[in-house]
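The values are calculated or read from the model by the stated rules, or taken from the named source; none is laboratory data. Worth saying up front: this structure is predicted, and the values here are computed from it rather than measured. Glycine gets a Cβ as well: all are built from the backbone with ideal geometry, and neighbour counts include every protein chain shown. Calculation scope for accessible area: heavy atoms of the full protein, side chains included, ligands and nucleic acids excluded. Shrake-Rupley method; radii C 1.70, N 1.55, O 1.52, S 1.80 Å.
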Amino acid sequence: TRLQFTKQFGAHYLNMWGGFRYLSFNFDDNEPEGEYAIGGGNDKQPNISTSMDYKSATGTNDTWKNMAWYANIDYNYRNRYFAQVSAAVESSSRFGKNSDGLSLFGVKWGVFPSVQLGWAITNEAWFPKTKAINYLLLKAGYDITGNDDISNFAARTSFGVMKYLYGTSGQGATAAQLNNIGNDKITFEKTRKFNVGLKSYWLNNRVGVNLDYYLSHTSNLLTLKSFDNPVAGINNYWSNGGSLDNTGFELTVTGKPIVSKNFNVEIGASMGHYVNKVKTLPNNDNIYVSGKNNAIGYTSSVYGVDNVATIIGEAVGSFYGYKVVKDQTSPMGVFTSSQAAAQANLYMVDATGKPQYFKAGDMHFADLNGDGIISEADKTIIGNPNPDIYGNIFANITWKNLTLSVNFNYSLGNDVFNYQRSILEGGNNFYNQTVAMVNRWRHEGQVTEMPRLSYGDVMGNSRFSDRWIEDGSYLRLKTLRLTYKVPVRYSWLQGLAVWAEAVNLFTVTHYLGSDPEFSVANSVLYQGIDAGNVAQSRAVAVGLKINL
């Protein structure tokens, strides 16, 4: 529902709206399956019968409900002073009955207000009218937002059905297995954000500058908190714990160097920068590593490697692994000879507890704690998936009825974990490998960055290290569009345009993967991980736009 009221009172303009929103999500899934031990049945006609040797069933019964009341007031006085005040109260079924918040109608609600203010200085009577400064708007605001993006049953203790003892007691046995320990005190993750900005036009409206700067603090992070002792095989539960800060700015500059009757040129560029920093973590810990005591998101490990860390004072989801040493013994990171390896005198402890010394052709990893053993104690931050700057570069060129629009996007300074290359150049199994393996170490004195082949990789040469971390910076011609407005106009036809557009025409990058512009998943712990996604393809489209 939505109600709106708009009214002009002399010099005052008022726009008010408010309403109620209700979201309901339900999902059911049942997958019974079975098979015969020897012969019988086929995968084209699946069925379940008591004569089958292996029967199983999986399923999901998922529900989620969200309610919100919202209101907004926009006020404007003579286009000089602007104010926007809004508020929302929201409730989510993902949280428990004892969660923090406003108690109303037997439900707990999160309260999320927002205030945004603006002052158009150039519209003041005392501001001099000049072609140098045409418009100057100062803006500032503060708002609180909430996040409930966790499991639908995080607040509830739940069980799942499982089968066990296959082949030992007839068809096996069925049991209910504890799969989540609920916490009815969890509540919204809250982000408090303060922003200031400037919107301006200069030099007879030929130049535009828009700058926004923000500071945000997120508290009550929705995290998985560890038990001191596991309960029925469950080692963690959902809670609110930890906090992080984000600081950044976004700048857009536009210009119109040529403005005439038949020929116009508009150019511009945007640039953004942010710093993400973890302030506190649950359990009073300083570090959480995916695949171990993972605290943020749903991941238990990232593609089988414990390689993403959340560390106090660092960015969320930093790459955490081993550093490769490049010195006289290993100019490109690989020990060139037996003498070079002996000089380093490094070893690792295998699964049996025996020391295994690094040899010629092995990777030279940094012994950060100086104990002569390459172990998890030598892991450190080896990359940050967040870019230093990002943005767009664009141009619109119009000659009479013909318009050419060009848009580039870019990212600079972001690190990428090339997971696909770590598999195709690991040299530790029978998978197909890339032609880069031709340059692997094969003889004494060879200088190369590719270690020797070793099935099973006893020395861990293919382990997660900065060998697989690459610079993901790129510049891409994202869109190129040509539009022609046909000069026709009738009472029934207001406009006619023919256009053609090409996307992803070319990319400039040093990244060795198929595409530097990717996202393997939405979770913060998956940023900058290239699992081998299919590259975005070039495409050309043509169209016709008719305005009646």
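How big is D for the range 167-244, in µm² s⁻¹ as a whole number, if Stokes-Einstein is applied with the Kirkwood radius of its Cα pairs at 4 °C and 1.567 mPa s? Show your work: numbers first, answer last.
Details: Rh = 17.8 Å.
Answer, rounded: 73 µm²/s.
Can you tell me the order of 205-213, 96-104 when each peptide is scored by its average per-residue count of other Cβ atoms within 10 angstrom, highest first?
Numbers: 205-213: 15.7, 96-104: 13.6.
The densest-packed peptide leads the list: 205-213, 96-104.
Can you give me the long-range amide H partners of ASN134? Hydrogens built in the peptide plane at 1.01 Å from N, cutoff under 5 Å, separation of 5 or more residues or another chain.
TYR201, TRP202, LEU203, ASN204, ASN205
Amide H to amide H under 5 Å from ARG78: which residues, 5+ apart in sequence or cross-chain, H placed 1.01 Å off N in plane?
Excluding prolines and chain starts, which carry no amide H, the hits are TYR13.
Residue by residue through the range 367-376, which ³J(HN,Hα) values in whole Hz follow from phi under the Karplus form 6.51 cos²θ - 1.76 cosθ + 1.60 (θ = phi - 60°), with glycine and proline marked x?
Per residue, the Karplus-derived 3J(HN,Hα) values read 8, 5, 9, x, 9, x, 10, 8, 9, 4 Hz.
Ranked highest first by the average count of other Cβ atoms within 10 Å around their residues, in what order do 257-269, 136-148 fall? Each step should come with its number before you reach the end.
Values: 257-269: 12.9, 136-148: 16.8.
Packing proxy ranking, top to bottom: 136-148, 257-269.
Which entry in (1) 29.2; (2) 24.0; (3) 25.4 is this structure's computed Kirkwood radius over Cα pairs in Å?
(1)
Which loop-located trypsin sites (Lys or Arg not before Pro) does the range 357-422 contain, where loop means any DSSP state but H, G, I, E or B and the Cβ has at most 12 other Cβ atoms within 10 Å?
Values: sites: LYS359, LYS379, LYS400, ARG421; in loops: LYS359, LYS379, LYS400.
Filter output for the range 357-422: LYS400.
How do the peptides 535-542, 411-418, 370-377 rank, highest first, by the average count of neighbouring beta carbon atoms within 10 Å per residue?
Values: 535-542: 10.9, 411-418: 21.2, 370-377: 13.0.
The most tightly packed comes first, giving 411-418, 370-377, 535-542.
How high is the relative contact order of the range 462-538? Use alpha-carbon pairs under 8 Å, at least six apart in sequence, and give a whole percent.
On the way: 100 pairs, mean separation 22.6, N = 77.
Over the range 462-538, the number comes to 29 percent.
So what are the ³J(HN,Hα) numbers for the range 248-263, from phi and the Karplus equation (6.51, -1.76, 1.60; θ = phi - 60°), rounded to whole Hz, Gly and Pro as x?
Karplus values, whole Hz, x for Gly and Pro: x, 8, 9, 10, 10, 10, 10, x, 10, x, 10, 9, 8, 5, 10, 9.
Please identify the chymotrypsin sites (Phe, Trp or Tyr not before Pro) of the range 468-506 that satisfy two criteria: DSSP loop assignment and at most 14 other Cβ atoms within 10 Å. Which are they?
On the way: sites: TRP468, TYR474, TYR484, TYR490, TRP492, TRP499, PHE506; in loops: TYR490, TRP492, PHE506.
The qualifying sites are TYR490, TRP492, PHE506.
Ignoring ligands, DNA and RNA, what percent of the 1.4 Å accessible area of the range 186-229 is carbon and sulfur?
Details: 1190 of 2250 Å².
Carbon and sulfur: 53 percent of the exposed surface of the range 186-229.
Would you work out what percent of the accessible area of the range 336-384, with all protein chains in place, is carbon or sulfur (probe 1.4 Å)? Before the final figure, lay out the partial values.
Working: 1190 of 2450 Å².
That fraction is 48 percent.
With each run of n ≥ 4 DSSP H residues scored as -39500 (n - 2.57), what mean residue ellipticity at 222 nm is computed for the chain after dividing by its residue count and rounding to the nearest 500 deg cm²/dmol?
Values: 2 runs with 13 residues, N = 548.
Using -39500 (n - 2.57) per qualifying helix, the result is -500 deg cm²/dmol.
What percent does the relative contact order of the chain come to when contacts are Cα pairs within less than 8 Å and at least six residues apart? All intermediate terms of the calculation are to be shown ahead of the outcome.
Details: 1355 pairs, mean separation 42.9, N = 548.
Normalised by residue count, the contact order of the chain is 8 percent.
Go through the range 78-137 and name the chymotrypsin sites (Phe, Trp or Tyr not before Pro) that are in a DSSP coil and have 10 or fewer other Cβ atoms within 10 Å of their Cβ.
Working: sites: TYR81, PHE82, PHE95, PHE105, TRP109, TRP119, TRP126, TYR135; in loops: PHE95, PHE105, TRP126.
Answer by residue number: PHE105, TRP126.
Sequence neighbours fewer than 8 away in the same chain don't count; with that in mind, list the lysines whose C-alpha is under 24 Å from LYS478.
Counting by Cα, and skipping residues close in sequence, LYS478 has these lysines nearby: LYS256, LYS545.
Keeping all protein chains in place, calculate the accessible area per residue for the chain (probe 1.4 angstrom), answer in Å². Numbers along the way, then the final one.
Values: 30520 Å² over 548 residues.
Heavy-atom SASA per residue in the chain reads 56 Å².
May I ask you to evaluate 6.51 cos²θ - 1.76 cosθ + 1.60, the Karplus curve with θ = phi - 60°, for each residue of the range 273-280 and list the ³J(HN,Hα) values in order in whole Hz, giving x for glycine and proline?
With coefficients 6.51, -1.76 and 1.60, one gets 8, 8, 10, 10, 9, 6, 9, 9 Hz.
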